[in-house]
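This report refers to the structure that appears directly beneath it.
The values are calculated or read from the model by the stated rules, or taken from the named source; none is laboratory data. Here the structure is a predicted model, which means the values were calculated and not measured. Don't worry about glycine lacking a Cβ; one is built from the backbone with ideal geometry, like all the others, and counts go over all protein chains shown. Note: accessible area is taken over every heavy atom of the protein model, side chains too, but ligands, DNA and RNA are not part of it. Shrake-Rupley method; radii C 1.70, N 1.55, O 1.52, S 1.80 Å.
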Amino acid sequence: MREFFQSNLTKVFVLFLGAALISVAVYPEIFVAFKASFVLWSDYCVEYPLTFILTTFLYQGDIQLWNFFGQMPFCHTYAVMGLFKLPNVITAIAFYFLAPFSRDSGQLFHHVFTWGNLMTLLFIRVVGIFLLLKIVTKNHYILTLGSVIFAVFFCQAAFLRGTYYESY
């Protein structure tokens with residue numbers, strides 16, 4: 001059983017690396033050009049302020065789960081808004097550790113958000129497609145190519161193509 005999980009984890013990690021490299025090559029305006037800051041449409045525009053809120057909480061040292069007037073639990077609000085999604089949390093933690101090494105932390109946040117959020121979403125997509133195809137097929141080539149191709153061409157970056165604009 002342990003070998004099964006280790007081999008599948010290794011396959012998924014290699015597939016993710018391949019998908020990440022292909023995504024950077026296919027969508028250079030998002031990952032390489034760095035003219036981008038945030039997005040004009042789709043749910044992705046919500047992720048930017050939510051990640052920023054989470055990063056602010058990390059710098060303040062805690063997450064306030066109840067407001068001071070006792071009107072409403074913030075935890076419920078954040079859960080409904082999706083503040084604690086995996087891409088948001090990973091992006092906020094990455095920025096928290098990288099920010100002390102930067103002179104322009106605002107610009108760094110844009111870059112960390114672009115890479116952290118999109119790559120986390122790509123990883124989740126690779127894992128999901130791999131597990132789905134593993135149920136459907138036993139062919140190694142279909143499993144490998146299908147996971148990478150579907151992950152790259154149906155990832156968030158594909159839907160964001162051309163929707164970035166400069167804000168700083």
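Values as computed for the structure displayed
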quantity	calculated
Qualifying residue in the stretch 121-133 (condition: among the basic types (Lys, Arg), closer than 22 Å to residue 30 by Cα and modelled with pLDDT of 85 or more)	yes
Which numbered condition residue 150 misses (of (1) open to solvent by less than 90 Å² (accessible area, probe 1.4 Å); (2) in a helix (DSSP H, G or I); (3) at pLDDT below 85)	(1)
Of all residues making up the stretch 69-91, the number that are assigned to a loop (DSSP other than H, G, I, E, B) and at pLDDT below 75	5
Residues of the stretch 101-126 classified as open to solvent by less than 70 Å² (accessible area, probe 1.4 Å), in a helix (DSSP H, G or I) and farther than 24 Å from residue 46 by Cα, total	0
Pair list, Cβ < 7 Å and 6+ apart or interchain, from the stretch 49-61 residues that are within 12 Å of residue 90 (Cα to Cα) to residues that are part of a helix (DSSP H, G or I) and among the β-branched types (Val, Ile, Thr)	51/91; 54/89
Single residue of the stretch 89-107 satisfying the filter (hydrophobic (A, V, I, L, M, F, W, C) and within 15 Å of residue 60 (Cβ to Cβ)) that is farthest from the chain's Cα centre (by Cα)	99
Options 158, 94: the member that is at pLDDT 80 or above, assigned to a helix (DSSP H, G or I) and open to solvent by less than 60 Å² (accessible area, probe 1.4 Å)	94
Test: residue in the stretch 97-110 that is within 28 Å of residue 7 (Cα to Cα) and among the aliphatic types (A, V, I, L, M)	no
Sole residue being in contact with a Ser or Thr (Cβ under 9 Å, 6 or more places away or on another chain) and at pLDDT 80 or above, chosen from 54, 40	54
